[in-house]
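Every number in this text was worked out from the coordinates using simple rules, so none of it is lab data. What you see is a predicted model; the values in this text were computed from it and never measured. Every residue, glycine among them, receives a Cβ derived from its backbone with ideal geometry; neighbour counts consider all protein chains shown.
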Amino acid sequence: MQKLKDKVAFITGAAGGIGLATAKLFLSEGARVIMADSDADKLEDDAAAMEEIKEHGGSFNIVSTDITSQEQVEKTISYIQKKFARIDIAVLNAGVAGANMPLEEYPVDLFDEVMAVNMRGVWLSMRSVIPLMKKQQAGSIILTSSIQGLSALAGTTAYTTSKHALVGMMKGAALELAEFGVRVNTVHPGYVETPMMDAIHSSVMPDAPENFQKALSASVPMKRYAKPEEIARLMLFLASEDSSYSTGSCFLADGGILAALPTS
Ligand SMILES: NC(=O)c1ccc[n+]([C@@H]2O[C@H](COP(=O)([O-])OP(=O)(O)OC[C@H]3O[C@@H](n4cnc5c(N)ncnc54)[C@H](O)[C@@H]3O)[C@@H](O)[C@H]2O)c1
């Protein structure tokens, strides 16, 4: 049985690694998927792969949306409202990494940019889907945070701050929405094989990005990165009735990273 048959699922950052894997899995589970991303060209490229999966009975639409723009977010939500008259699932997943540098050297503009996407953009998106979900008396909202939403890595304070903020945002929204049957949770991936991590490898170790990935992999108790599909399966759990009593919670998929104390 398909777990999301006819459910309307809005996914941001849907042209990226985790977002696309989630869109594909949801489609294969029968959902009507709305893929939103600021990278319109990549969304177009992904459409062919989505067409192949569509045979399972779901549907998909791509919508170019920059989540830092209130106008664009509201336009996309009103498009979904007109087309489907409901939103059952919102995976608010779009994000940017920012830079790796000491706090006192971090450019203020870049800090603002990271917060505009990772924090304010997620808040704007959540704010826009809530009225419809409240009216339906049902919904699941999933925010993609990070292990850096629960712990810090030196040199990435903007990203860490933004991902911690999502935990507070999630908990506040979960309390406001629980009585309306709307659940809100965060997902905290560790290192995942996506374009975002590829860019980080190249920026930290431009001459040998693969060595940086090897070093990071070695630091993970499971000794490897996650595949985007492994995060997508956690998204599916939270989107579906399998998680019907879960709200206000943080869900990790990190290969054991946050369980470990340093050993050397
Ligand atoms: N890859 C990892 O190891 C990892 C680990 C923990 C958390 N995350 C988080 O997972 C989420 C997805 O990351 P990913 O690894 O798939 O990265 P990715 O770079 O492959 O995908 C991110 C997507 O977000 C889109 N995006 C960026 N700014 C946007 C905006 N203003 N409006 C709309 N879309 C925008 C990008 O175009 C891109 O398609 C992010 O929030 C990221 O912080 C990733």
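Computed quantities for the displayed model
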quantity: Residue-averaged 222 nm ellipticity for the chain, from DSSP H runs of 4+ at -39500 (n - 2.57), nearest 500; calculated: -14000 deg cm²/dmol
quantity: Label-point gap, in nm, between residue 100 and residue 135 - each point 7 angstrom along Cα→Cβ; calculated: 4.6
quantity: Average Cα contact separation per residue, the chain, under 8 Å, 6 or more apart, as relative contact order %; calculated: 19
quantity: Gain upon complete extension [residue 261, residue 109; 0.36 nm per residue less C-alpha separation]; calculated: 51.3 nm
quantity: Label point distance in nm, residue 210-residue 233, each placed 7 Å from Cα along Cα→Cβ; calculated: 2.7
quantity: DSSP beta bridge pairing in region 1-121, given as percent antiparallel to the nearest 5; calculated: 0
quantity: Linear extension gain, residue 219 paired with residue 179, 0.36 nm per residue minus alpha-carbon span; calculated: 10.2 nm
quantity: Unit charges on C-beta of K, R, D, E only; dipole of the chain, Debye; calculated: 1040
quantity: Among 116, 188, 172 the positive-end extreme of the charge dipole of the chain (Cβ point charges); calculated: 172
quantity: Whole-angstrom gap from region 97-125 to region 51-74, using each part's C-alpha centre; calculated: 25
quantity: Total charge dipole magnitude, region 2-152, about the Cα centre, Cβ charges on Lys, Arg, Asp, Glu only, Debye to nearest 20; calculated: 1100
quantity: Overall Cα dimensions of the chain, principal axis frame, Å, largest first; calculated: 52, 38, 34
quantity: Spacing of the two label points (7 Å from each Cα toward its C-beta) at residue 153 and residue 52, in nm; calculated: 3.1
